[in-house]
């Protein structure tokens with residue numbers, strides 16, 4: 001039996017290892033979010049924003065956003081499985097409905113509200129706003145296209161939507177990586193944020209580009 | 001299903017307006033409390049507040065604390081002085097600086113002090129030495145504009 005070529009090895013890694021990494025970090029993110037639901041104030045994230053947490057609407061938005069985000073990340077894990085799509089179609093449909101509803105009604109609007117108070121400079125706040133806007137728009141387009149039975153366009157828009165949802169995961173991976181490289185906290189935070197958002201957008205567009213003959217059409221359908 | 005998009009769009013727009021409104025009000029409150037930070041001069045967020053409720057801007061008012069690498073016995077009085085100096089007069093601040101300058105000199109002096117010392121382990125304090133430098137009254141030293149010299153015993157207290 002001959003050894004696999006580098007291209008075949010890379011394809012195997014992407015097919016089997018990447019989903020495992022995504023599942024692991026998604027579950028880790030949700031698991032790390034759970035302690036916040038004790039509603040304690042001693043977490044560093046809250047301590048940094050202790051004055052913001054005196055605004056009741058911000059507190060409501062924060063807890064709603066992290067709960068909705070957890071739902072989104074977990075329900076999205078079921079969406080890209082070819083096995084579930086073929087054998088358990090109703091599971092795909094229902095988890096998709098949950099994802100779309102949660103993003104459009106809860107996660108994106110609360111994310112937009114919280115973006116005004118995000119840590120960092122005005123550029124980082126603008127980035128969070130753009131992220132919320134892209135997440136909302138791509139999810140709405142994903143819903144619209146599936147209602148019009150445009151399955152290919154639905155896949156593309158939902159991939160874009162998922163890339164925005166996954167910024168919460170990739171941001172933490174980069175943040176951890178740069179932390180071990182010894183970067184200062186604020187510098188690490190800003191760079192990780194930009195790389196995670198821009199990187200995820202580029203990754204989604206690259207996948208759409210390589211999987212489709214007419215890339216420009218993916219924006220118009 | 002299309003009504004969901006309409007309703008959620010309205011929600012999203014409402015959230016955006018609420019964000020703008022609350023952001024303006026929040027910054028006004030920060031200004032009123034004196035905690036607002038200019039993002040043009042500092043890259044970090046004005047929303048980031050220390051656990052004590054102070055912004056980094058107010059924290060900057062505090063004078064430099066002593067070098068942690070310096071003699072441990074020197075740190076306590078200087079830290080106390082630093083904490084008090086937020087409300088202290090200019091004269092008191094000059095006394096603090098005099099202490100800082102003097103403390104470096106005293107660190108050097110400790111090298112040439114006799115190694116034999118009577119140590120009380122239970123009280124974790126040192127008995128005064130014969131070659132201990134004289135203790136001056138702080139207020140008097142400020143008036144005379146002379147450096148304040150403090151003993152190790154005072155430092156430990």
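The values are calculated or read from the model by the stated rules, or taken from the named source; none is laboratory data. Values in this document were obtained by computation on a predicted structure and should not be read as measured data. Every residue, glycine among them, receives a Cβ derived from its backbone with ideal geometry; neighbour counts consider all protein chains shown.
One table, with the values for the structure above:
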| quantity | calculated |
| --- | --- |
| Criterion (loosely packed, with under 15 Cβ neighbours inside 10 Å and farther than 24 Å from residue A:186 by Cα) met by exactly one of A:80, A:45, A:31 | A:31 |
| Condition check for residue A:100: within 23 Å of residue A:24 (Cα to Cα), within 14 Å of another protein chain (Cβ to nearest Cβ) and at pLDDT below 95 | yes |
| Total residues in segment A:83-97, condition closer than 17 Å to residue A:155 by Cβ, away from chain B (no Cβ under 14 Å) and loosely packed, with under 14 Cβ neighbours inside 10 Å | 3 |
| Residue list for segment B:25-45, restricted to those being modelled with pLDDT of 75 or more and facing another protein chain (nearest Cβ under 9 Å) | B:25, B:26, B:29, B:30, B:33 |
